[in-house]
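All remarks here apply to the structure that follows.
The values are calculated or read from the model by the stated rules, or taken from the named source; none is laboratory data. Quick caveat: nothing in here was measured; it's all calculated off a predicted structure. All Cβ positions, even for glycine, are placed from backbone atoms using ideal geometry, and neighbour counts span all protein chains on display. What goes into the accessible areas is simple: the full protein's heavy atoms, side chains included, and nothing from ligands, DNA or RNA. Shrake-Rupley method; radii C 1.70, N 1.55, O 1.52, S 1.80 Å.
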Amino acid sequence: MTAIHPPSTRVWWKQPVDRVELVWIAIALVWCLIMFFFMPFWHVYGNQNYSGEAYRVNPDQFVAKVNDFVSEYTVRTETDRNIPVVRPPAGSDIYLLARLWQWHPVLELEKGQTYRLRVSSADWQHGLSIQPINLNFQVLPGYEMVINITPTESGEYAVVCNEYCGIMHHTMLGKLYVVDPAEDA
Amino acid sequence: MSFEINREFRTCPKSGLVFHRPAERLIKANAVVAVIFLAVGGALGLLVALTRWPAVQLLNAQHFYTVLTGHGVVLLLVWILFFEIALLYFCSSVLLRCRIATPRMGWLAFALMLIGAAITAIAILQGGSSVMMTSYVPMPAEPNFYLGLILFAVGALIGTFIFFGTLVIAKDEKTYEGSIPLVTFGALTAAIIAVFTIACGAIILIPTWLWSIGYISEIDPLMYRLIWWGLGHSSQQINVAAHVSVWYAIAAIVFGAKPMSEKVSRGAFFLYILFISIASAHHLLGDPGLSSEWKIFNTSYAMYLAVLASLVHGLTVPGSVEVAQRKKGHNKGLFEWLRKAPWGNPVFAGMFLSLVGFGFIGGISGVVMGAEQINFLIHNTIYVPGHFHGTVALGTTLAFMAMSLWLVPVLFQRELFLPRLAKWQPWLFGIGTALQAFFMMGAGTLGVSRRHWDIAFTGSAFEWAYPGMAYTMMALNGISAIMAVTGGMIFVVVIVGTVFFGKRAGEVSGWSLDRPDTLRGPAEALTGHGSIGVKGFPAPGTFVLAGFLMLIFVVYYFINYGYLASVWKFS
C-alpha cells in the first residue's frame, strides 16, 4: 500500500526493483565516487590545498613572536593609527595575528614567492578572509596554523574577519600588499 | 502507584487515520508551539535580512547580533524540534494505530523543551548572549544561554524515547502486522540520528555551561567545534530524514502513491543512519590541524554514501508520484503527470517546491561547498546561510508547512481557515526563500561575510569596497525575504485561524474505547509497475528531471574547482 501503510504482507524485500531506479542508483553512485576521489586527486595535481600543518601555541607567546617579527621587518606605517607594514624576506616565515578587532600587521609580499604564513588568534575565534580572491580560513586561539602561500597576482588585498567576534566585528579589516619583484629591484 | 492507561481512540472519517486521545493532545500542543516559534523566528529573520540590505541597515550592530542569534536558535532548533516531536508522535502512535507510550512523560518533555527554550530566549533578549547559535568558545554567553539549551535537549531526548517506546508497544500489542510503514521507518531514521545529535549536544554544552559558571577553566576551541557540529550539523540531518518522510507521506496522502520499491527507499534511509552523522567535518574544513584524510573521509560521509541516499530519494519520491499519476491515466508523454498535478493544493505545491528546492539549491550547493578544497572559497561567507536556507527553510520548513496544512485540520477536526489565501502560501514562501538562497550564495561567491553587520566596514582603519553586484545581491535578498516572510505570515494566520476559528468539520468522530482494527498491509502480488511509462521506465519524466539535476550538479562542481585553480597557490 502507500507509504503511510505497512508494505505488502508478502516479503516486500523480494519485489523486483524497477530499471529506472537501478539505472539512477548506478549513475548517482558513479558520481559520488568521482567526487570522493577528486579530493585526493586535487592534493596530488592541484595547487590549492592545506596540508593540515598546525601547532598548539600559547596565545601570549604567539603575540610575542608576532611583535618580534613586526619590529624586525617593518618598512613603513599606514593610516593615522600608524599600523605597521611589514616586508619580510621572500620565502620566509611570516606572521599574522588576529585580535579584537584588528589584523596585525599589514603584510607586503612578493608575487610568485612562497611564504610560510603562520596565523593565530590572541583572544577569540576569527576568520581569515582574503578579498577579492575570496580565500577563507578559520583562526583559533591556541592553534598556530601554517599555510604555505604563494601570491600569484600583484595588487592590494583586503583581509576581512569573517568569523563573528563581537560588537566591532565589522571594523576588523586589514590589508595585504602583493608587489612585483621587478618594481623595486 | 499505578496509572490507568488511557485507551480512547477515534477514527478520522476523512483520512481513516486513528488517533489515540493523549497522543492527539501531545501532537496538538507540540505542533502549535512549533508554529508560534516559527512566527517569532520568521519575524527575527526579516529584521536580519533588512539589516543586511545595505541601503536599509535597519538595526544597530548590537541589536543585529542579538536578533541574529535569536533567529538561528529559534528556527534551527526550537521550531524544527517541536515540530519533529509532533511528527514522531504522529508517525508512531497515529500511523501504527497504537496508544502512545507514557503520555505523562510526553508532557514532561514538552514542559522541559518549553522552559528550556524560554530560558535561552530570555538570555538572548537580555543582550549578554549575542554569541550566535554556534556560541563558539572562548566568546562567552550567559550561563542561562547554555542551560536553556541543555534542558531543551533533554526534553527532546525524552520525546524521542517516547517514540521508540510507542514502536515497542505497537509491536507488543500487535496493532499492525508485517513491517512498519515507510514513513514510520523514515521517522525512526530521524529518531536514531536525533539520539546521536542530542548526545553530542550534551557532551559539549554541559562542560561549556560549567565553564561559563567557572567550574572548568578552559574549553578547547577546536574540540568545541568538532563536537558542537555533531549537534549543529546532525540536527539538520534529522531534518533531512524527517522531511523526506514527510515528502513520502504527502505523496501517499494526496496521490495514494506507494513507494516504487520499499527495498530501495528503506535502503536509502538506512544509509542515512550509517553515514550521515559524520558530517560535522563540513564545518572544520578550513580549520587548523586536522588531517586531509580525516577531512576527506568525513566530509564525504564516507564516499558520499549519504549523498547517494538523498539522490535516491530525489528520484523515488517524485517517481512514486509519477507512477501513481500514470496509473490514474495521466500516462501521456513525459510530463503529463506533472502538468495534471494539483498545483492549487498547497499541501502538494509545498511538498513539491520543497523537494525541487532542496535538491537543486540546498543539495547541490551543500555537496559542492563540502568538497575539501572548494570550501576555502566558501567558508564563513554568506554563501553558507544561502545554502542552508535552501535546505532548512526551503526543504524542511516548507515540507513541514505543507504537512501542517493537511494535518492541523485533521487533528482539530476543523476546515482550513482562508483556504484561498492558503493556496498562495507555498508559492510565496517557496519562491521567496529560493531567491534568498540564490542571492546569498551569489553575494558569498563575491566574498561577502556571513554574520556581519556592515559590509562597508564603517569605522575601520582601512577601506575596502565589495563589487557593486554584492550590494545589489544583498538588497535583492532583503526584497526576497519580504516575500518569504509574507508566505510565512500567511501560514501562521491560516494555521492559528484553523485552530481557533476554523469551521467545524461536517463529520466529527467521537472517542471510543474499542480497540482499533489491526493495521495490515495488502496481500498484493510482488510485480513491477506493468505497462505504464516509456520503454520499461515507469517514471521516465522523473528520470529526465533527475538527469537535469545531475547535469547541473556536475557542471557546477567543476566550475568551482576551475575557479579555485585560478587563485593563489597554497599548501
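Quick notes on this one:
- Legend: mean number of C-beta atoms from other chains within 10 angstrom of residue C-beta atoms, peptide B:362-375, equals 2.
- Angle between chain B longest axis and helix B:398-412 axis [Cα atoms, degrees, rounded to 10]: 40 degrees
- Each 5 Å bin from zero up to the one holding the largest Cα-Cα distance in segment A:83-168 carries the following percent of pairs: 3, 15, 25, 29, 19, 7, 2, 0.
- Neighbour-limited loop hits for trypsin sites (Lys or Arg not before Pro), segment B:86-187 (at most 15 other Cβ within 10 Å; DSSP other than H, G, I, E, B): B:Lys174
- Amide H contacts under 5 Å for B:Met260, placed H, 5+ residues apart: B:Ser320
- Pairwise label distance in nanometres, B:Phe164 with B:Ala199, each label 7 Å out on the Cα-Cβ vector: 0.9 nm
- Table column - 3J(HN,Hα) (Hz), segment B:330-335, Karplus curve with 6.51, -1.76, 1.60, x for Gly and Pro: 7, 10, 7, x, 8, 10
- Degrees separating the helix A:59-73 axis from the principal Cα axis of chain A, which is the longest one: 50 degrees
- Surface composition of the protein assembly as shown: carbon plus sulfur atoms hold 65% of the accessible area, using a 1.4 angstrom probe and ignoring ligands, DNA and RNA.
- Principal axis dimensions, largest first and in whole angstrom, of segment B:200-281 by Cα: 58, 22, 13
- Per-residue HN-Hα couplings for segment B:373-389 [Karplus 6.51, -1.76, 1.60; θ = phi - 60°; Hz; x = Gly/Pro]: 7, 4, 4, 5, 8, 10, 3, 6, 7, 6, 4, 5, x, x, 4, 7, 6
- Mean residue ellipticity (222 nm) of chain B, computed from DSSP H runs ≥ 4 via -39,500 (n - 2.57), nearest 500: -21000 deg cm²/dmol
- Remark: relative contact order (chain B) = 17 percent; criterion is Cα-Cα distance under 8 angstrom and separation of 6 or more residues.
- Both radii were evaluated on the Cα set of segment B:409-558; the Rg over Rh quotient, with Rh as the Kirkwood radius, amounts to 1.17.
- Euclidean distance between Cα centres, segment B:249-306 to segment B:515-571, Å: 14 Å
- Rounded to the nearest 20, the Cβ-based charge dipole of segment B:473-552 about its Cα centre (Lys and Arg +1, Asp and Glu -1) stands at 120 debye.
- Förster-model FRET efficiency, 45 Å R0, A:Val17 and A:Ser92, C-beta, rounded to 0.05: 0.15
- Simple spin-label estimate for B:Ile559 and B:Ala505 gives 4.7 nm between the two label positions (7 Å along the Cα-to-Cβ direction from each Cα).
- The amide H of A:Glu78, built 1.01 Å from its N in the peptide plane, has A:Ile83, A:Val85 as neighbours under 5 Å, considering only residues 5 or more places off or on other chains.
- Ranking by accessible area, most exposed first, for A:His5, A:His104 with a 1.4 Å probe: A:His5, A:His104
- The orientation-averaged projection of the convex hull spanning the C-alpha atoms of chain A amounts to 17.8 square nanometres.
- Most positive-pole-ward Cα, B:Val40, B:Ala101, B:Trp79, against dipole of the protein assembly as shown from beta carbon charges: B:Ala101
- For peptide A:155-163, the mean count of partner chain Cβ atoms within 10 Å of a residue's Cβ comes to 6.
- Filter on A:Lys111/A:Lys175; B:Lys258/B:Lys327; B:Lys263/B:Lys340; A:Lys14/B:Lys332 - keep pairs with C-alpha separation over 18 Å: B:Lys263/B:Lys340; A:Lys14/B:Lys332
- Charges were assigned to the Cβ only: +1 to each Lys and Arg, -1 to each Asp and Glu. The resulting dipole of chain A about its Cα centre is roughly 880 debye.
- Cα shape, segment B:71-111, gyration tensor, a/c 1.5 rule: oblate
- Hydrodynamic analysis of segment B:345-392 uses the Kirkwood radius over alpha carbon pairs. Inserted into Stokes-Einstein at 4 °C and 1.567 mPa s, it gives a translational diffusion coefficient of 114 µm²/s.
- Rolling a 1.4 Å probe over the protein chains gives B:Ser531 an accessible area of about 110 Å².
- Using the Karplus relation 6.51 cos²θ - 1.76 cosθ + 1.60 with θ = phi - 60°, the per-residue 3J(HN,Hα) values for segment A:118-131 come to 10, 10, 7, 10, 8, 9, 9, 6, 9, x, 8, 10, 8, 10 Hz, with x marking Gly and Pro.
- Relative contact order (percent, whole number), segment A:93-185, Cα cutoff 8 Å, 6+ residue spacing: 35 percent
- Rounded to the nearest 20 debye, the dipole size of the protein assembly as shown about its Cα centre is 3220 debye, using +1 on the Cβ of Lys and Arg and -1 on the Cβ of Asp and Glu.
- Taking label points 7 Å from Cα along the Cα-to-Cβ direction, B:Ile213 and B:Val56 give a separation of 4.1 nm.
- All-pairs Cα distance distribution in the protein assembly as shown, expressed in whole percent, bin size 20 Å: 17, 49, 27, 6, 0
- Rounded tilt (10° steps) of B:262-275 against the dominant C-alpha axis of chain B: 30 degrees
- Calculated FRET efficiency for the pair B:Asp514/B:Ser15, C-beta based, R₀ 25 Å, to 0.05: 0.85
- Amide H to amide H, with H built 1.01 Å from N, A:Leu97 comes under 5 Å of A:His104, counting only residues 5 or more places away or on other chains.
- For segment A:34-60 and segment A:77-108, distance of Cα centres in Å: 25 Å
- The listed residues B:Val534, A:Val63, B:Val246 rank as B:Val534, A:Val63, B:Val246 when sorted by accessible area, largest first, using a 1.4 Å probe.
- Spin-label proximity, A:Asp60 to segment A:88-110 - amide N less than 20 Å from point 7 Å beyond Cα toward beta carbon: A:97-100
- Chain A, relative contact order [Cα under 8 Å, separation at least 6], %: 19 percent
- Among the residues of B:309-320, the average count of other protein chain beta-carbon atoms within 10 Å of the residue beta-carbon is 3.
- Solvent-accessible area buried by B and A, counting both chains, probe 1.4 angstrom, square angstrom: 9800 Å²
- In chain B the Cα-Cα distances spread across 20 Å bins starting at 0 as 21, 57, 22, 1 percent of all pairs.
- Occluded residues from segment B:62-111, i.e. those whose accessible area drops by 10 Å² or more once the chain is not alone (1.4 Å probe): B:Gln62, B:Tyr65, B:Leu95
- Probe 1.4 Å, protein heavy atoms only - accessible area per residue of the protein assembly as shown in square angstrom: 36 Å²
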